[in-house]
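The values are calculated or read from the model by the stated rules, or taken from the named source; none is laboratory data. Bear in mind the structure is a predicted one, so any value in this text is a computation, not a measurement. Every residue, glycine as well, gets a Cβ built from its backbone with ideal geometry; the counts of neighbours run over all protein chains shown. The accessibility values were calculated without ligands, DNA or RNA, using every heavy atom of the protein model including side chains. Shrake-Rupley method; radii C 1.70, N 1.55, O 1.52, S 1.80 Å.
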Amino acid sequence: MSTTESNLQRALHKATPIWGGWITGPTLIGPEEFARAGYDYVGFDAQHGYLDDADIAGILRRLEHLPIATAVRLPNADAAPIGRVLDAGADAVFIAMIESADQAAAAVAATRYPPGGVRSFGPLRASLGVDRTALESRVSVFAMIETAAALTDLSEICAVDGLAGIYVGPADLAISMGLDAVGSTRNTDVLTAITRIHREATAAGLVTGIHASDGKTGHAMAQLGFQMITLAAESAALRRGAAEHLREATGG
């Protein structure tokens with residue numbers, strides 16, 4: 001096994017699905033508690049969450065010596081923000097709203113140094129070194145498929161060289177299909193689309209990931225064959241735990 005592999009790449013050697021938590025705000029305890037609970041990775045939301053570059057960099061540094069992988073969701077393939085989170089040590093990037101092979105290729109290019117890409121050289125983490133080949137090879141790029149438009153170009157997206165995987169966003173996918181976001185994975189049409197995405201991505205040799213939002217949905221997605229499944233955000237995990245403590249205390 002290569003010493004340049006990231007924690008995420010090592011985790012994906014498992015024969016069973018890997019499970020993720022989700023961070024939407026600047027918390028130091030949340031990611032550590034996901035690690036303590038046995039989660040394989042934690043994702044940081046730089047699209048919808050309340051996190052800036054400094055927040056993410058600080059938390060990534062704090063997690064450096066914990067056995068948990070890290071990923072950052074970004075709103076598009078803009079090279080500068082992608083480069084900053086990779087310089088800070090993220091194992092992977094999830095690039096939202098990919099709808100074409102060109103957009104997917106731009107996402108990959110943002111993680112590669114010239115001449116193969118457009119990433120600027122600015123290593124921040126001493127532990128990662130300065131070897132460009134090693135810095136590139138540890139990065140996993142996931143194209144988020146979450147619109148009906150993306151389904152029309154799905155085969156071409158999956159064929160983009162350098163992609164590590166496809167990550168499904170069921171809520172936005174459902175909305176783009178004119179359906180409700182809440183409970184989207186229980187809708188037959190959405191489930192059919194999700195199954196197709198998994199099948200085509202797997203056939204292309206890509207890792208398949210999905211935002212499940214809770215354990216029951218995560219179990220269902222594992223049964224479909226997804227390899228990387230995000231279960232809950234820190235707020236949902238806190239709310240569920242807090243409600244259970246209150247229920248126990250009140251006998252409710």
How much length is gained on full extension from F121 to A37, taking 0.36 nm per residue of separation minus their Cα-Cα distance?
26.7 nm
Going by Cα centres, segment 63-101 and segment 9-39 are how many Å apart?
15
Give the carbon-plus-sulfur fraction of the accessible surface of segment 34-124 in %, rounded to a whole number; probe 1.4 Å, heavy atoms of protein chains only.
54
The chain, Gaussian network, Cα under 10 Å: of R196, R138, R240, the residue fluctuating most is R240
Cα centre as origin, Lys/Arg/Asp/Glu Cβ charges: the chain dipole, Debye
540
How much net charge surrounds A232 when only the other residues with a Cβ under 13 Å from the Cβ of A232 are counted, with Lys and Arg +1 and Asp and Glu -1?
-1
Leaving out ligands and nucleic acids, and using a 1.4 Å probe, what accessible area per residue does segment 112-208 come to in Å²?
46
Per DSSP H run of at least 4 residues, take -39500 (n - 2.57); add these up for the chain, divide by its residues and hand me the 222 nm value, nearest 500 deg cm²/dmol.
-12000 deg cm²/dmol
Most mobile listed residue (T133, T195, T147) in the chain, GNM with C-alpha springs under 10 Å:
T133
Run through segment 192-252 and list the GluC sites (Glu not before Pro) located in a DSSP loop whose Cβ has at most 10 other Cβ atoms within 10 Å.
none
So which residue, out of G169, G21, G117, gets the largest mean-square fluctuation from a GNM of the chain using Cα contacts under 10 Å as springs?
G117
So for K216, K14, what's the accessible-area order with a 1.4 Å probe, most first?
K216, K14
Could you please report the charge total around A242, scoring K, R as +1 and D, E as -1 over all other residues with beta-carbon less than 15 angstrom from its beta-carbon?
-1
12 Å beta-carbon shell around T24, net charge (K/R +1, D/E -1):
-2
Theoretical gain in end-to-end length, T192 to E64 [0.36 nm per residue, Cα-Cα removed]
42.2 nm
What residues qualify as long-range amide H neighbours of V42, i.e. H under 5 Å apart, gap of 5 or more or another chain, H built at 1.01 Å from N?
G21, A69, T70, A71
